[in-house]
Structures are given as C-alpha cells and as structure tokens.
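The values are calculated or read from the model by the stated rules, or taken from the named source; none is laboratory data. If you're wondering where the values come from, they're calculated on a predicted model, not measured in any experiment. Cβ placement follows ideal geometry from the backbone for every residue including glycine, while neighbour counts extend to all protein chains displayed.
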Amino acid sequence: MPTTDCESGVPDSSIFYTNSNAINDNAVLIQNLITDAIFAFEIENEAMGHMNQVAPNWWCDRANTIHSVIGSWGIQISTGGGTDFPTSTQSQFFSCSNLQIIAIHDYNIDPSYVASNIDSTKPTALSFGKRLLYEEFGANGGSKQSQIQAVTNTLVSTGVPWMYWEVTKPGAGSSDYEIWTDEPSWATLKSQSLATNRQGGEFAWPEID
C-alpha cells in the first residue's frame, strides 16, 4: 500500500479495498489471527463460587451460546474452573458437547490429593473426549518453592498440563501466591514448565503445538 502523511496528501489505497485477492487475503489474515491468538473462551472464572450449584446446566447453556457465535473457528471452550476439585469436575461438564476443556482450580496442593483426584477423573475425561487443564493452584509460606516443586512433579507425571496462580510483578515471596522472576520459586516454575513440555500425555493440544 502507498504511504504518506495526512498533510502531504491522501494515498490511493483503493486496490486494498476493491481487489478480490486483497479482500481474500484479508479474510485469511483475520481468520489466522483469531485462531492463532485466541486459544479458548472460558465460561466464567469459578462460576457460582462457594455457593450451592443452583443451576447445574448453566455452564453447558453458556457453552452452547458461545459455540453459536464462534462456530467452526477452532477456538476451544473451557469451563473456567470451580473453587476446588469437586466443583471443577462436575459430572454434567463431561456430557456437554460444546465444552472441550475441563479446567481445575484447587489450592490443596498435597501431591497425594492431586494425584488421586486426577487419577479418578482422567478416565471420565478421556471417555467423553474432554481435556483436563490444572488451571489454578498456588503455594505460599516458608516452603513455597518446595511445595511448588512437589505438586508440579505430580502434575508432570500425570500428563495433565498446569498453570500456576500467578506470575506477576511484584512477587509476594513467602507471604502469598504471587511469583516474580527475582524469587527462588521462579526457577522452579521455569524448569518444571520445560519438563511439562517434554512430557507426553493422553490429551492432545494441536491448537498450541
């Protein structure tokens, strides 16, 4: 396209707006940007919170609405997690055809607890064609780094991908969950992320491979 500043004159960019090849290329660009930049939409972060699950079908209804808008763009739809493992893995999530990702939030990071819950949930996810994502967990206190090491070792061994809450500046050190690159826990997160990337698993993620 011709370029000029607005004071020197108006460039003739008519071909960009009228040429069929340019129009088609722009359409492809938009599609690629959407599918490459947006991995998934989440229904809501920890919907219904700590209250009773007053509307069990709410997630699937929202997923159906989102799917009707995005159609076949290839963007995934995720539950958004619950406040703990049980609320993150409600049975109706697995039977909802327009939910692709079951996001898990739980701050109980005891490795045995994490392993047993994943082991009991993974067969259901696989049988329904869903993918598990351990999307939110965190550690604090004086053993923050070792706790992160232990729970991510467990997650790596299960083949379930994970996301830590949260990496942000400034980090909180031992006082809270937040981590930044100037504290010891960062090195653990970095090395464990690389280990996770090398670990195979039953869940395929072709959108980001």
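Structure data summary
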| read-out | value |
| --- | --- |
| Test: residue in region 192-208 that is among the hydroxyl-bearing types (Ser, Thr, Tyr), closer than 17 Å to PRO111 by Cβ and at pLDDT 95 or above | no |
| Subset of region 75-91 (residues that are under 11 Å from the mean Cα position of the chain (by Cα) and either surrounded by fewer than 24 Cβ atoms within 10 Å (Cβ to Cβ) or more than 20 Å from GLY138 (Cα to Cα) (or both)) | GLN76, ILE77, SER78, GLY80 |
| Of residues in region 70-106 being hydrophobic (A, V, I, L, M, F, W, C) and at pLDDT below 95, the one nearest to ASN117 (Cα to Cα) | ILE75 |
| Residues of region 164-184 satisfying the condition of being surrounded by 15 or more Cβ atoms within 10 Å (Cβ to Cβ) and closer than 15 Å to TYR134 by Cα | TYR164, TRP165 |
| The listed residue being surrounded by 18 or more Cβ atoms within 10 Å (Cβ to Cβ) and touching a Pro at 6+ places or on another chain (Cβ under 8 Å), out of VAL160, VAL151 | VAL151 |
| Sole exception among (1) crowded, with 18+ Cβ neighbours inside 10 Å; (2) modelled with pLDDT under 90 for TRP59, by number | (2) |
| All positions within region 185-195 that are touching a residue at least 12 places away in the same chain (Cβ under 8 Å), out of contact with any strand residue (DSSP E or B) (no Cβ under 7 Å at 6 or more places or on another chain) and surrounded by 15 or more Cβ atoms within 10 Å (Cβ to Cβ) | THR188, GLN192 |
| Members of region 27-77 found to be part of a loop (DSSP other than H, G, I, E, B), in contact with a Ser or Thr (Cβ under 7 Å, 6 or more places away or on another chain) and closer than 16 Å to ALA103 by Cα, listed by number | ILE43, GLU46, GLY49, ILE75 |
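Let's see how each residue does on (1) surrounded by 17 or more Cβ atoms within 10 Å (Cβ to Cβ); (2) touching a residue at least 24 places away in the same chain (Cβ under 8 Å); (3) in the same structural domain as TYR177 (by TED's automatic domain parsing):
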position: ILE15; (1), (2), (3): no, no, no
position: SER20; (1), (2), (3): no, no, no
position: ALA27; (1), (2), (3): no, no, no
position: ILE34; (1), (2), (3): no, yes, no
position: ALA63; (1), (2), (3): yes, yes, no
position: HIS67; (1), (2), (3): yes, yes, no
position: PHE93; (1), (2), (3): yes, yes, no
position: ALA103; (1), (2), (3): yes, yes, no
position: PRO123; (1), (2), (3): no, no, no
